[in-house]
Amino acid sequence: MNTNNKMLIGMHFGNGYGSQAGSWRMPGVNPESFTSFDEKVKHAKAAERGKFQFLFLPDFPGALLNDVETESPNFNLDVMMTLAAVARETEYIGLVATGSTTFNEPYNLAKQFKALDIMSHGRAGWNAITSSSGDVAAIYGKRLPSSVERYGQAHEVIQLIQSLWGSWGKNAWVHNQETGQFAHRDQITTIDFKGKYVSSRASLHIPPSEQGQPIIFHAGGSPNAHELAGRFANVVIGATFSIEDARAQRNAFRESAKSFGRNPDEIKYIPGLMTTIAKDKRTALDRRIQLSGHQFPQRIGYLQQMLGIPLSVSALDKPISTALLNSARPSLYDPRSLNALKIAKEGWSLRDILAHGVIDYHPVIVGPGIEAADHMQKWFEAGAADGFWLSPDVYVDGIDAFVDEVVPVLQQRGIFHQEYEGKTLRENIGAPEQYGIDPRV
Ligand SMILES: Cc1cc2nc3c(=O)[nH]c(=O)nc-3n(C[C@H](O)[C@H](O)[C@H](O)COP(=O)(O)O)c2cc1C
C-alpha cells in the first residue's frame, strides 16, 4: 500500500500526564495517571479516534529522577506492560516501544515484541536504539561501550531477532484437531547465530502475527544511525528544528536505504512536534504559562545565551527593546536560536517568548489548530518529513484538541488519511511484507 501522499502521525506516549513539566497539576488531570492504566488506555483511545498511526514509547531506564520533588518522571512504568494493556483496548493504532540493543538479551526482546505483535493482532513496532548514557550502563553494572561497539552490536542484535522471528515457519502452525497435528516440526528452524557481539542457538515458539512480525523503528541522527536504520528500519523517529536539517536527515536515511538495495520509500522520517492547541494565540500562550511558567525565571539565562544579549528576570513582562534586539547574535551552537530571535522581534514580552516554547525539545506550536496544520503541511511538502510524532502538552485534553482542530484540516487538505488502511501497523504505515530477515540487506 502506498501512503506516500499522506503523512503519518505518531504520538509520544510518556508518563501519563503530557509533555510539560506542570501537566500533572493541570485542572482535570488525575494526579495518579503515572500509575493508572485506565488513564493510559483513555489517552490511547483518544489518539486512535484521531486515526494516528502509532503510539511511540521512549525508554531511558534509570534516567527518571529529574526533579521528582516537583515533577513527574518523564517515562512509562514499563513500556511493554503499558502496551499490553493498551493492545487489549484498542483496535487499529500501532504500538511502538523502545528497547535497547546494548542492554537487553536479544532472545528476550524477540520473544516480548513478537508476543506483543500477536496480542495486538499485528500492531507492534520495536524502536531499536543503542542507549548512549553512562547512567543506563551503570544500572546494568556495565560500562558504556564505544559507539562503534554499540552500533556493531545493534546490527547483530536486529539480524538475530529478525531471524528468530522468522524461525517459526509461516505455515508451521496447523493446529488440526481432527488429525492431531499441532505444528510442522520441519518448518521450525533452529537459528545458530554466532556474531562478534551476540550469539544464540534457538528457535522462537511464536507463530506469525497478522503482519508477520514487528516493524523496526530507530531513533537517532548520527552517521551510525543512518547506516543502521537504512539497513533495517521502516520508520525513523527524529528530532530537528529546521526544514533544511530535516530534509538533510531524511535524505541521508533514504540514501542509506538505497545503498542496502531497498526502495527509499520504505523508510519514513518522522520528526517531532510539540503542541499546545487553543482557540487563539493568547489563550494558548496563557495555557503554556500555567503549565511551565514556573520554570521561566531560570530559563532567562539560557535565552540570553541563545540571543547573545543581556536579559533580566525582573523584566519578564516587558518586550526586549529594539536597540537590544538589533545587537542580538543568535547562537551558532543552538539551532533554536534563529526562531527565538524571530519570535522576540514580533514584540512579545520575555514571558510570552518563553511561552512560545523556544527552548523546547522540538518545534512547538502554541496557538490555534490551523498553525499546526500549516507547519505540518509545509514540512511535508518540502520533503522534510513523512509525518510527525506529537507531544501534546497535556494528554487529558491536548490530544482531543489536536484531533478536533488539526486532524480535520489535514484531512481536508488531502494530506492525512480519512480512515485506517487496515488493522496492522504494516498496512497503516505502508511497509512491505517481511517475515524473518530481509534477504536484500
Ligand atoms: C527522537 C529521539 C528519540 C530517542 N529516544 C531514545 C530512547 O527512548 N531511549 C534511549 O536510550 N535513547 C533514545 N534516543 C537516543 C538515540 O538512541 C541515540 O543514542 C542518540 O541519538 C545518540 O546517538 P549515537 O548513539 O548515534 O551517538 C533517541 C534519540 C532521538 C533523536
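So, of the residues in the range 125-155 that are touching a strand residue (DSSP E or B) at 6+ places or on another chain (Cβ under 8 Å) and either modelled with pLDDT under 90 or of a type outside the set (A, V, I, L, M, F, W, C) (or both), which turns out to be nearest to Lys194 (Cα to Cα)? Ranking the qualifying residues of the range 125-155, first place goes to Thr130. Check the range 296-317 and report whether any residue there is more than 24 Å from the chain's Cα centre (by Cα), in the same structural domain as Gly357 (by TED's automatic domain parsing) and touching a residue at least 60 places away in the same chain (Cβ under 8 Å). Yes, there is a match, as at least one residue in the range 296-317 is more than 24 Å from the chain's Cα centre (by Cα), in the same structural domain as Gly357 (by TED's automatic domain parsing) and touching a residue at least 60 places away in the same chain (Cβ under 8 Å). Looking only at residues in the range 286-311 that are of a type in the set (A, V, I, L, M, F, W, C) and closer than 22 Å to Asp334 by Cβ, the one that is most open to solvent (accessible area, probe 1.4 Å) is Leu311. Out of Glu419, Glu381, Glu371, one residue alone is among the acidic types (Asp, Glu) and closer than 29 Å to Gln305 by Cβ. It is Glu371.
Only one of the numbered conditions (1) outside any loop (DSSP other than H, G, I, E, B); (2) open to solvent by 40 Å² or more (accessible area, probe 1.4 Å) is violated by Ala239, and that is (1). Cβ-Cβ distances below 6 Å connect the following pairs, each with a first residue in the range 108-122 that is over 15 Å from Glu210 (Cβ atoms), a second residue that is of a type outside the set (A, V, I, L, M), and a separation of six or more residues or different chains: Leu109/Gly99.
You will find that of Ile93, Ile188, the residue that is in contact (Cβ under 8 Å) with a residue 40 or more places away in the chain and either open to solvent by less than 70 Å² (accessible area, probe 1.4 Å) or in the same structural domain as Ala44 (by TED's automatic domain parsing) (or both) is Ile93 and no other. Counting the residues of the range 312-322 that are of a type in the set (Asp, Glu) and surrounded by 17 or more Cβ atoms within 10 Å (Cβ to Cβ) gives 0. Assessment of the range 205-214 against the conditions (over 20 Å from Asp438 (Cβ atoms), buried (at least 17 other Cβ atoms within 10 Å of the Cβ) and either within 13 Å of the ligand (Cβ to nearest atom) or among the hydrophobic types (A, V, I, L, M, F, W, C) (or both)) yields no matching residue. Applying a threshold of 8 Å to beta carbon distances and a minimum spacing of six or more residues, or different chains, the list of pairs starting in the range 214-238 at a residue that is assigned by TED's automatic domain parsing to the domain that holds Arg254 and ending at one that is away from the ligand (no atom under 11 Å from the Cβ) and at pLDDT below 95 reads Arg231/Val441; Phe232/Val441. Across the range 172-184, a minimum of one residue is classified as at pLDDT 95 or above and either within 16 Å of the ligand (Cβ to nearest atom) or open to solvent by less than 30 Å² (accessible area, probe 1.4 Å) (or both).
Give the number of residues within the range 20-69 that are open to solvent by less than 30 Å² (accessible area, probe 1.4 Å), within 16 Å of the ligand (Cβ to nearest atom) and in a loop (DSSP other than H, G, I, E, B). Qualifying residue count, the range 20-69: 1.
Selection of the range 242-279 for residues being touching a strand residue (DSSP E or B) at 6+ places or on another chain (Cβ under 8 Å), within 16 Å of the ligand (Cβ to nearest atom) and part of a loop (DSSP other than H, G, I, E, B) yields Ile267, Pro271.
Among the residues of the range 1-40, the one identified as under 24 Å from Arg250 (Cβ atoms) and aromatic (Phe, Trp, Tyr) is Phe13. Inspection of the range 376-383 finds a residue satisfying the criterion of being part of a loop (DSSP other than H, G, I, E, B) and either open to solvent by less than 20 Å² (accessible area, probe 1.4 Å) or in contact (Cβ under 8 Å) with a residue 12 or more places away in the chain (or both). Count of the range 335-375 residues, restricted to those that are of a type outside the set (A, V, I, L, M, F, W, C) and crowded, with 17+ Cβ neighbours inside 10 Å, is 15. Summed over the range 121-154, the residues that are within 16 Å of the ligand (Cβ to nearest atom) and farther than 25 Å from Trp389 by Cα give a count of 17.
The values are calculated or read from the model by the stated rules, or taken from the named source; none is laboratory data. Owing to the predicted nature of the structure, the values given are computational and were not obtained by experimental measurement. Positions of Cβ are generated from backbone atoms using ideal geometry, with glycine treated the same way; all protein chains shown enter the neighbour counts. Protein only, heavy atoms only, side chains kept; ligands, DNA and RNA dropped before computing areas. Shrake-Rupley method; radii C 1.70, N 1.55, O 1.52, S 1.80 Å.
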